[in-house]
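A.B. asks: Could you have a look at this structure, given as structure tokens, before my questions?
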């Protein structure tokens, strides 16, 4: 009996996830004072991983890490009813120019605190105590899921492969309820 209950607890989340959409329209924003579309390796990785899982890139922008610019772009993209997710990379550290967190966090209507906690935990396994410097965050704004992750290629791959891609269909499905 205990084995049956244990199996049910593992299959229920899988069944729940399977009900989400298989192709999601996403916006990708790189927040950087130095990158251009040609040199934006992390933005390209995000796009390739999304497309590789059958998702669509509905918008792609490289912007300076200026809070007003980032905030306005997130607001503009979130008004597109066909777009379900926005993934930002860059600007999540603690340097003077890292202001993406403030721009994004101030917009979030519902925060997914577990995203940042899990990202930092997974990062800790890779880079040690420096993981605490990341201010990665996620949440909902105007019916759109927002993920804000660091701009390094390693951090982008980690966040996308371990957290965002596995849950994106599930979260998008929840947004339609």
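A.B. asks: Pick from 155, 72, 25: which is most flexible by mean-square fluctuation in a GNM of the chain where alpha carbon atoms under 10 Å apart are linked?
C.D. replies: Maximum fluctuation in the GNM of the chain, among the listed residues, is at 72.
A.B. asks: Now for a different question. Over the chain, with a Gaussian network built from C-alpha contacts below 10 Å, which listed residue (67, 166, 150) shows the highest mean-square fluctuation?
C.D. replies: 166
A.B. asks: Output needed: percent of Cα pairs per 10 Å distance bin for segment 22-175, bins running from 0 to the one holding the longest distance.
C.D. replies: Histogramming segment 22-175 at 10 Å steps yields 12, 47, 37, 5 percent.
A.B. asks: So how tilted is helix 2-18 from the main axis of the chain? Cα-based, degrees 0 to 90, rounded to 10.
C.D. replies: On a 0 to 90 degree scale, this one is about 40.
A.B. asks: By its C-alpha gyration tensor, with a ≥ b ≥ c as the square roots of the eigenvalues, how is segment 95-177 shaped: rounded for a/c under 1.5, else prolate for a/b larger than b/c, else oblate?
C.D. replies: oblate
A.B. asks: Also: Remind me, relative contact order of segment 69-177 in percent, using alpha carbon pairs under 8 angstrom and six or more residues apart?
C.D. replies: 31
A.B. asks: Name the residue, out of 146, 29, 45, whose mean-square fluctuation peaks in a Gaussian network model built on the chain with Cα pairs under 10 Å.
C.D. replies: Largest GNM mean-square fluctuation: 45.
A.B. asks: Using the 10 angstrom Cβ neighbour count as an exposure proxy, how do 61, 79, 55, 170 rank, fewest first?
C.D. replies: Result, fewest neighbours first: 79, 170, 61, 55.
A.B. asks: Using the count of nearby Cβ atoms within 10 Å as a rough guide to exposure, how do 24, 127 rank from fewest to most?
C.D. replies: 127, 24
Any read-out appearing in this document is the output of simple, stated calculations on the displayed coordinates, not a laboratory observation. Since this is a predicted model, take the numbers as computed values, not measurements. All Cβ positions, even for glycine, are placed from backbone atoms using ideal geometry, and neighbour counts span all protein chains on display.
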